[in-house]
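A.B. asks: Here it is: the structure, laid out below.
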Amino acid sequence: MLKLSKLAVAAALVVVAGAASAGEVEVLHYWTSGGEAKSVAELKKIMTAKGHVWKDFAVAGGGGDNAATVLKSRVVSGNPPAAAQIKGPAIQEWASEGVLANLDATAKAEKWDALLPKVVADVMKYKGNYVAAPVNVHRVNWMWANPEVLKKAGVAGMPKNYDEFFAAAEKIKKAGLIPVAHGGQNWQDFTTFESVVLGVGGAKFYQDSLIKLDQKALTSDTMKKSLETFRKIKSYTDPAAPGRDWNLATAMVMQGKAGFQFMGDWAKGEFLAAGKVPNKDFLCAAAPGTANAYTFNVDSFAMFKLKDAGAQKAQADLAASIMGTEFQEVFNLNKGSIPVRLNMNMDKFDDCGKASTKDFVSTAKSGGLVPSVAHGMAIKPAAEGAIKDAVSQFWNDDKISVADGMKNIAKAAATK
Ligand code: BGC
């Protein structure tokens, strides 16, 4: 009897302790497509299992532009969410406003410095303190294809360079199908554009032109060739592309309506969520000319300063969960990305994921590892927005000559 009541007291204490430490965690994110929603549901599951209340704050719109606008208005009105999907230099901008929470206690306890590639850890820190928790590594310079479409059109395999790519595109067109599935937001245009710049000019040229924003590189013959190539790709897209979401473009490849899509590996998350099998129902390969390079895109969550102790505990648990092995595996298997945490077992990942891990490591050594501009990893948001607009204007308006397009992009790059 005594024993029982002791147990009951202990159980009651556990419940009380759980209740006292659990908190509501409001998470702002833009993962609303099929594959994305499945992935974020895994984080919710882990947090709920820890006794926290997950308040989902999903803002639709691939690439996160809408989410960024909503976040600004929430923070300005003094009512920030507990956590928000923020990445790259935007983390530094938010931290410099003094609104982000310091995650060092969690980072130290969980040994983040030892578990993260330095290139990633640096982005998560402001003045040496962790202010964001990284989720994954997405590779942006991928091209996806439907093998049935390639077969029907008589295309032997994934094109390795632009000569092969345009020969394949021409065959797919002749077979009555759409060579390139594309959508209509500026980040989608830039996703293709940066892969073209990387494929045409190589990693050093990519760094000079799109990251250092060097005017000489931006107005060079290599940039001219990049813009010509980019425009030629446009001629293989369908007229209904403007306004289309990226996942609907992926669906066109899935359904055999289109041959290729230039897109980061969140597209793989879409294929997988639809039950498609890599190497059988869809193919992945580095975008033409980029086999030895890797544009990285790291998703991360920054936490906002909150007063409530329960909420703070939930934030610490969220940060620890994000970097934990359980989440890193299950989330990235669904999302199409690879774990950001080093030395994870990759047995359950498919060939595209394994190739991504191998290439991440080898390009980090060779100098081919570069941050994605299209996905907010490289330059300040103001310049990024301006060059994205200039690139999309060029893409959407065939009357803008290559020379003028180049001038407009170079001018936009000077935006402070
Ligand atoms: C994000 C991905 C997301 C994609 C489409 C990218 O910028 O990093 O996580 O799936 O946009 O929404």
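A.B. asks: Answer yes or no as to whether residue 88 is surrounded by fewer than 22 Cβ atoms within 10 Å (Cβ to Cβ), within 16 Å of the ligand (Cβ to nearest atom) and in contact (Cβ under 8 Å) with a residue 24 or more places away in the chain.
C.D. replies: Numbers: surrounded by fewer than 22 Cβ atoms within 10 Å (Cβ to Cβ): no; within 16 Å of the ligand (Cβ to nearest atom): yes; in contact (Cβ under 8 Å) with a residue 24 or more places away in the chain: yes.
So residue 88 fails the test.
A.B. asks: Regarding residue 298, is this residue crowded, with 24+ Cβ neighbours inside 10 Å, within 16 Å of the ligand (Cβ to nearest atom) and more than 19 Å from residue 30 (Cα to Cα)?
C.D. replies: No; evaluated as a whole, the condition is false for this residue.
A.B. asks: For the stretch 174-288, which strands (runs of 3 or more DSSP E) that fit wholly inside it have 2 or more residues that are over 24 Å from residue 371 (Cβ atoms)?
C.D. replies: 178-180, 258-262
A.B. asks: State yes or no: is residue 349 buried (at least 18 other Cβ atoms within 10 Å of the Cβ) and within 16 Å of the ligand (Cβ to nearest atom)?
C.D. replies: No.
A.B. asks: Consider only pairs whose beta carbons are under 7 Å apart and that are at least six residues apart or on different chains; among these, list those whose first residue lies in the stretch 233-260 and is in the same structural domain as residue 190 (by TED's automatic domain parsing) and crowded, with 16+ Cβ neighbours inside 10 Å and whose second residue is at pLDDT 95 or above and acidic (Asp, Glu).
C.D. replies: 247/270; 250/270
A.B. asks: I'm checking my understanding of the structure. Among residues of the stretch 263-286 that are within 16 Å of the ligand (Cβ to nearest atom) and hydrophobic (A, V, I, L, M, F, W, C), which one is nearest to residue 191 (Cα to Cα)?
C.D. replies: 263
A.B. asks: What are the residues in the stretch 363-379 that are more than 14 Å from residue 123 (Cβ to Cβ), more than 15 Å from the ligand (Cβ to nearest atom) and either among the β-branched types (Val, Ile, Thr) or touching a residue at least 24 places away in the same chain (Cβ under 8 Å) (or both), if any?
C.D. replies: 363, 364, 366, 367, 368
A.B. asks: Residue 163 passes all but one of (1) more than 14 Å from the ligand (Cβ to nearest atom); (2) among the charged types (D, E, K, R); (3) assigned to a loop (DSSP other than H, G, I, E, B); which number fails?
C.D. replies: (3)
A.B. asks: Does residue 356 fit the bill of being among the hydroxyl-bearing types (Ser, Thr, Tyr) and within 16 Å of the ligand (Cβ to nearest atom)?
C.D. replies: It is true that residue 356 is among the hydroxyl-bearing types (Ser, Thr, Tyr) and within 16 Å of the ligand (Cβ to nearest atom).
A.B. asks: Here are some residues: 39, 73. Which one is in a helix (DSSP H, G or I) and within 17 Å of the chain's Cα centre (by Cα)?
C.D. replies: Exactly one of 39, 73 is in a helix (DSSP H, G or I) and within 17 Å of the chain's Cα centre (by Cα), namely 39.
The values are calculated or read from the model by the stated rules, or taken from the named source; none is laboratory data. Because the structure is predicted, anything quoted here is derived from the model rather than measured. Every residue, glycine as well, gets a Cβ built from its backbone with ideal geometry; the counts of neighbours run over all protein chains shown.
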